[in-house]
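The values are calculated or read from the model by the stated rules, or taken from the named source; none is laboratory data. In this text, all values refer to a predicted model and were calculated from it rather than measured experimentally. We place every Cβ from the backbone using ideal geometry, glycine too, and count neighbours over all the protein chains shown. Keep in mind that these areas ignore ligands, DNA and RNA; they rest on the heavy atoms of the full protein, side chains included. Shrake-Rupley method; radii C 1.70, N 1.55, O 1.52, S 1.80 Å.
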Amino acid sequence: MLVVEDVRKSFITAQGKLPVLRGVDFQLSTGTSLALMGESGSGKSTLLHLIAGLERADSGRILVDGEPLQGRREAELARWRREGIGLIFQQYNLISSLQVSANLAFQARLAGRHDPAWVEHLAGRLGLMPLLQRYPEQLSGGQQQRVAIGRALAPRPPLVLADEPTGNLDEATSDTVLDLLLQLVAEAGSSLLMVTHSARLASRLTRRLCLHLGRIQPGEA
Amino acid sequence: MGMLRISLLALLSHWRRHPLQFCSILTGLWLATALWTGVQALNNQARADYARAGALLASAAQAQLVARQGERFDQAAHVQLRRSGWPVSPILEGRLSIAGKEPSTLRLLGIEPLTLPREASIAGQLTTGFDLDGFIGPPGQAWIAPDTLLRLGLKAGEQPLSGDGQRLPPLQVQAQLAPGVIVVDIGHAQTLLRAPGQLSRLLLPKAFAALAPPLPVELAAILRLQASTDTDDLQRLTDSFHLNLTALGMLAFVVGLFIVHAAIGLALEQRRGLLRTLRACGVSLSGLIGALTLELGLFALLGGLAGVISGYLLASLLLPDVAASLRGLYGAQVAGQLSLSPQWGLAGLAISLLGAFLAGCSSLLRTMRLPLLALAQPQAWRLAQGVWLRRQVLLAIVLVVLAMACWWFGDSLLSAFVMVTAVLLTAALLLPALLDAALAVLTRFSRGPLTQWFIADSRQQLPALALALMALLLALAASVGVGSMTEGFRRTFVGWLDQRLSADLYVTPRDTPQALEISAWLSGQPGVDAVLPNWRVDTRLQGWPVQLQGIADHPSYRQHWPLLEQRSDAWTQLAAGQGAMLSEQLARRLKLGLDDDLLLPTDQTEQHLTIVGLYADYGNSKGHVLVDANWLRRYWREARVSTLNLRMAPARVPELKAALEQRYGLDSSRVVDQSSLKRWSTEVFDRTFAATAALNSLTLGVAGVALFISLLTLGQSRLGQLAPLWALGVGRASLVWLCLGQTLMLALLTVLLAIPLGLLLAWCLVAVVNVQAFGWRLPLHVFAGQLLQLGLLGLLTSLLAAAGPLWQLARRQPAELLRQFADEP
């Protein structure tokens, strides 16, 4: 269970303090999926980064199974990212020096949860079997995103965070990728929090929240 | 013009956002130019001083009459020749010690301006134009070069005291005078040198000498005609020394250019988007290349200017050691102060421009050849990189063939240096491929995910770091090679000195009569076991200056004169006047070996001797032949005693030394004990290699800077590789350690390749370059401790180079890493 309570975050810019999140509250139950929507600059990615422990909130609480992320040391946050979540980025962020097979298993092996059979299953489901010996730059955008999904799900994390995972893909490929993501998240028994601009894609998830000017739109929390 | 200006301004705007790259290119050009111009300044200064020494008595000294025996002769010969119509002009020269806080010895030259030919010049000044009365009449004048005056800490007009308390005439500065020389009227010189009525030589005008008139019979027994070739000899003898310095300067220059090449390459890669935009906006390819070239030219001028200034400072620092080496090795006087022409500065700027274009031309070519739309695709650049890598390997193969050809067929110092250069460039060109292969092997053994990433990411960094690692490889190999050669040479030299300098006391008499007198006196002294006179004749064999040394038949030579090759009856043959021994360098130069026939031109005829032995004669720039003393005196009337070697009870040395100095008026430089001579020889050796060691250290420093700049520049672009790892749960501290480990691993692999390359270089130096440059071949020694020390120094250099970029990485805010994932907050 993920609980977000009154989370606030500001950035210091040349023009002064810029509040991005002005008190966000929501919950995500285990095994469910949630789409986080909103216009550019509404704070969606920032919220995702706070949950991933990539950044720290100014105030408020983020609880994972009742345990707060606040106050954790950097090493503990790194462990949370390694073992607690699977991250999928719009830009894929694969490790360019490693082959697809090594990229797929990378996080699972880091977390000490490498299950070769599960990784092979993922590769098969994602259609990556013929591409295992290739390097990321030898793949198309859709193929790279499928590798990123496989990498995120390989350790069977309790929570998958996806930041516009289909933002760089055409509509047909987006649908295919999202289908796979939802199926595999369900197979892994994970929860999914996905940031997206697309209402069409968001409608495929269990719940939807819309961020506007750093707050959840009334009635949607 | 407008398009060029706009393109140039757009290109220059890049540097505002990348000041570090700006500094990298400037630093590279600055260091490369500084080291090159510094070495050139040293060489130019030395050569200018040889020319000054040669021009000391320009056009007057085309030929000279010198004593057949000893260093001096009676001035009555001069008077007699003048009366017979010979237009001779007398010269007296000798060493004069000057008293002071730091006593030093100078060459005192006494001249007689009245008898010098009217067209002659002394130290660049016509004899017709100067103050004759002031020079000749009391108190006279003592001409001195400004740098010598400065070295002595004296001022013009002062009258310093000589070592034995005599006052010199007032000092007068002559800008063109050679360093280390004082010129006075011959009368003053005879007083100061305590040589009344004595002369060293008589100068003859060119035209008169060309007629080759016979000397009066009574003078032919005393004097002989000699062509003046000392200056030419100095140029020839020191050529190897200067070529060695030039080679080191060139190495440093090349290493500096690696920095420039790396920085320009990265800058072009980072600006490929801008290049595409400029092309898309209608800038022609030629306009773009023109703007890039102009930008490069601006860099070259800025870096070159800084380099020329630094080069001057560097040369000023190294000059005292170089001057001491030249003095010790060749007897050449080089000023301790730089005075360079504007042409030297302009040449420095030109070399900077050349270097910048050499370093930047590959990037310009790549820009020209890449298709317009592919400019912004990394894959296109990587493919281009791959093509260049293949070309590098092909070029390396060509260079290997060239090196082998130079080894087999080369017979000159130039071919030896071409071979060394080819070997070094081959290794540098092959380094990326070798490192990649080594990492590929390591990949097979890597198990954990981070280990796999560690190796794979290192391989990915190779293209960006390759040039800096090449620079490190070259600098380390040069350090290993030159270090092994120097240390090996040092040990060989010290061992050789221990054997060769076996006498307890060495006496250099003023002339042969004094030598015979001293010898007779010494025979009656208690504790003196043997007095061994060395007879000497200076001659030429196949145009090369050679010293013939005649020795007595004494067991100490058989026991202590180390021979490289010998016949079983070598010493017996030598004592019988049937054999001669040759120094190694002379044997190589004359292409003679054991049992070959040596033809020696004597006064009247030619004599044949069989070569019965070869010996090392380190440090002697002239050829050396050892023959029996009696045989030498029989065929050369001008043979003189150069030294007396005394074998005696060591405890009595100080007492006898003092007695000799007092009894025969010899200064301390003429009576030297064994330990002083060894100490002096070792000091000369160490100072000879001091400049080499300094240039080596600087080259390693430049390589460190190259690595530092590459890592720092790479650090900017590596965030994209490191951020995903951080996001996947690898802490920042771990990332820093991993990056440090990567740098050290690449440096370690480079060091491991540099050591065999350095040893190969050492072999090239001792077995090929030294043989061609000096004529002697040294045994190759491997010093494990030295290799370990240099290996650690290479790693330390890499560690220091990596420290800054890693410190930056450790201090990076998470927000900077986050920017890799999102464009919006």
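Remark: spin-label model distance B:THR105-B:ARG369 equals 6.3 nm, labels positioned 7 Å along the Cα→Cβ axis.
When A and B come together, around 2600 square angstrom of accessible surface is lost from both chains combined, probe 1.4 Å.
Once the other residues with Cβ under 13 Å from the Cβ of B:CYS739 are scored (Lys, Arg +1; Asp, Glu -1), what is the net sum? Walk me through the numbers before you get to the answer.
Working: positive: B:ARG718, B:ARG732, B:ARG812; negative: B:ASP457.
Neighbour charge sum, excluding B:CYS739 itself: +2.
Karplus-derived 3J(HN,Hα) values for region B:588-598, using 6.51 cos²θ - 1.76 cosθ + 1.60 with θ = phi - 60°, are 5, 5, 8, 6, 10, x, 4, 6, 6, 8, 10 Hz; glycine and proline are entered as x.
The count of lysine pairs in the protein assembly as shown with alpha-carbon distances below 27 Å, taking only pairs 8 or more places apart or on different chains, stands at 10. Diffusion coefficient of the protein assembly as shown by Stokes-Einstein, Kirkwood radius over Cα pairs, 10 °C, 1.306 mPa s: 45 µm²/s. Sorting B:HIS78, B:HIS261 by accessible area puts them as B:HIS261, B:HIS78; the probe is 1.4 Å, largest comes first, and only protein heavy atoms count.
With all protein chains present and a 1.4 Å probe, how do B:CYS406, B:CYS23 order by accessible area, largest first?
On the way: B:CYS406 20, B:CYS23 65 Å².
Ranked list, largest accessible area first: B:CYS23, B:CYS406.
Taking N as the number of residues in region B:572-691, what value does Rg over Cα atoms divided by 2.2 N^0.38 Å take?
Numbers: Rg = 18.0 Å, N = 120, 2.2 N^0.38 = 13.6 Å.
Here the answer is 1.33, to two decimals.
Each of B:SER734 and B:ASP411 was given a label point 7 Å from its Cα along the Cα-to-Cβ line. The distance between the two points is 6.7 nm.
The antiparallel fraction among DSSP beta bridges confined to chain A stands at about 50%.
Only helices enter the 222 nm calculation for chain B: every DSSP H run of n ≥ 4 contributes -39,500 (n - 2.57), and dividing by all residues gives -20500 deg cm²/dmol, rounded to 500. Computed with every protein chain present, the accessible area of B:MET250 is close to 90 Å² [probe 1.4 Å]. Full extension of the segment from B:VAL393 to B:LEU211, taken as 0.36 nm per residue of separation minus the current Cα-Cα distance, would add 59.2 nm. In terms of accessible area, using a 1.4 Å probe and ignoring ligands and nucleic acids, B:HIS608, A:HIS121, B:HIS242 rank largest first as B:HIS608, A:HIS121, B:HIS242. Backbone amide hydrogens, once placed in the peptide plane, bring B:GLU565 within less than 5 Å of B:LEU614, excluding anything fewer than 5 places away on its chain. A Förster radius of 56 Å combined with the Cβ-Cβ distance from B:ALA651 to B:ASP131 puts the calculated FRET efficiency at roughly 0.50. When nucleic acids and ligands are ignored and a 1.4 Å probe is applied, B:LEU152 ends up with an accessible area of around 40 Å².
Looking at the protein assembly as shown alone, DSSP beta bridges between its own residues are antiparallel in about 70 percent of cases. Annotation: amide H of B:HIS624 within the under-5 Å range of B:GLN547, B:SER583, B:LEU586, sequence separation 5 or more or interchain, hydrogens built in the peptide plane. Helix-only arithmetic for chain A: the sum of -39500 (n - 2.57) across DSSP H runs with n ≥ 4, divided by the residue total, places the mean residue ellipticity at 222 nm at -9500 deg cm²/dmol. Shielding of peptide A:74-83 by partners, expressed as the average count of other chain Cβ atoms within 10 Å per residue Cβ, is 4. Using a 1.4 Å probe, how large is the accessible area of B:TYR312, given in Å² and rounded to the nearest 10? The accessible area of B:TYR312 comes to roughly 90 Å².
Label reach from A:LEU18 (point 7 Å along Cα→C-beta): in region A:29-45, amide nitrogens under 18 Å belong to A:38-45. What percent antiparallel are the DSSP beta bridges of chain B, to the nearest 5? Roughly 75 percent of the DSSP beta bridges within chain B come out antiparallel. Annotation: amide H of A:ASP163 within the under-5 Å range of A:ILE88, A:PHE89, A:GLN90, A:VAL195, sequence separation 5 or more or interchain, hydrogens built in the peptide plane.
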